[in-house]
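Inspection log for the structure reproduced underneath, given as structure tokens.
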Amino acid sequence: MPSESSSAVVAICCRLPEGLQPELLEDWTRPVRSARLAVTWIVSPDDLEAAAGQLASRDELDRLAVELPNDWFAADVRQSLIRQRFAAIRRVAASVDAFVIRSATGAAPPAAVRPELLVEHGVRLVVTKDLGSWHGRRSRRPGPPGWSCSSPVWGLWEVGFSSKKPRGWFGGMLPIVLGPSFESGMLSVIQTGQVAGQSKREARQRFERTLHWIARSAAARRPRIDAVTLSQLATILASAAGGGGQRSVLAAA
């Protein structure tokens, strides 16, 4: 088990609304600057160019990840088409190395979306709704003890969104009232931001509550919180698996 002195590693993943505009991104990034927490912005391929252009001007391209649309997971999807789509993403933002996959609950991605193909296109980490998307794949490397992660192929890590999250209006207020419950030495991948059926205003308010919740815990240092981007998390996992250890990577970040 991790020692009590270990940090809790937290990756905050915020899904931005569709149709990204400069003023909209500014509305979402403003509370992040105040909270002083690392956040990974999740965008669709259609919004990638706009997001990359705006974040590049802030030298924050490492805070960007792409969510693969549901139609990429059609049963008849061709590998040639998937390759074209990945190549288009690389042309727009070559440094993006993290993807999000939410579709096909309990089912593996189609054969065309192979983990080897992701590695070929520079992807180092995939966040999934259900860990173990590539059924039948044993982890190639061990992750830190207790972390929800797997390495389906060398060079790629899959991590799962943390399952614990508040429900409803009252549940959304509980973290602020009671404080978060992060565990020392453990990994939490928090999903927040825009969801289906929610207005942009409601989504941003939910996001700001989540930031306040985590910032409050970080200030209390019970336990210490290390907020990282998904790109940084990929580096942490690669180093830990190679024997560098979680603490040494965080100290070097």
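The values are calculated or read from the model by the stated rules, or taken from the named source; none is laboratory data. All figures in this text were calculated on a predicted structure; none of them were measured in a lab. Ideal geometry is used to build each Cβ from the backbone, glycine not excepted, and the neighbour counts take in all protein chains shown. Protein only, heavy atoms only, side chains kept; ligands, DNA and RNA dropped before computing areas. Shrake-Rupley method; radii C 1.70, N 1.55, O 1.52, S 1.80 Å.
Listing for the model above:
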{"item": "Residue match in segment 179-187 (condition: open to solvent by less than 30 Å² (accessible area, probe 1.4 Å), touching a Gly at 6+ places or on another chain (Cβ under 6 Å) and modelled with pLDDT of 90 or more)", "result": "no"}
{"item": "In segment 155-178, residue modelled with the highest pLDDT [restricted to those that are in contact with a helix residue (DSSP H, G or I) (Cβ under 6 Å, 6 or more places away or on another chain) and part of a loop (DSSP other than H, G, I, E, B)]", "result": "Gly155"}
{"item": "Conditions (1) surrounded by fewer than 19 Cβ atoms within 10 Å (Cβ to Cβ); (2) modelled with pLDDT of 90 or more; (3) not hydroxyl-bearing (Ser, Thr, Tyr); number of the one not met by Lys200", "result": "(2)"}
{"item": "Unmet requirement for Asp47, which otherwise passes all of (1) outside any helix (DSSP H, G or I); (2) crowded, with 20+ Cβ neighbours inside 10 Å; (3) among the acidic types (Asp, Glu)", "result": "(1)"}
{"item": "Top-ranked residue in segment 98-120 [being at pLDDT 90 or above and open to solvent by 20 Å² or more (accessible area, probe 1.4 Å); ranked as farthest from Gly193 (Cα to Cα)]", "result": "Glu120"}
{"item": "Some residue of segment 3-12 being closer than 22 Å to Gly197 by Cα and either surrounded by fewer than 19 Cβ atoms within 10 Å (Cβ to Cβ) or not charged (D, E, K, R) (or both)", "result": "yes"}
{"item": "Residues being surrounded by 13 or more Cβ atoms within 10 Å (Cβ to Cβ), at pLDDT 85 or above, farther than 13 Å from Arg15 by Cβ and not charged (D, E, K, R) - total across segment 62-81", "result": "1"}
{"item": "Residue match in segment 14-26 (condition: closer than 30 Å to Arg221 by Cα, at pLDDT below 90, of a type outside the set (Ser, Thr, Tyr) and assigned to a helix (DSSP H, G or I))", "result": "yes"}
{"item": "Flag if Arg30 is open to solvent by 50 Å² or more (accessible area, probe 1.4 Å), without any contact (Cβ under 8 Å) to a residue 60 or more places away in the chain and assigned to a helix (DSSP H, G or I)", "result": "yes"}
{"item": "Residue satisfying condition, being touching a strand residue (DSSP E or B) at 6+ places or on another chain (Cβ under 6 Å) and not small (Gly, Ala, Ser), within set Val92, Val77, Val39", "result": "Val39"}
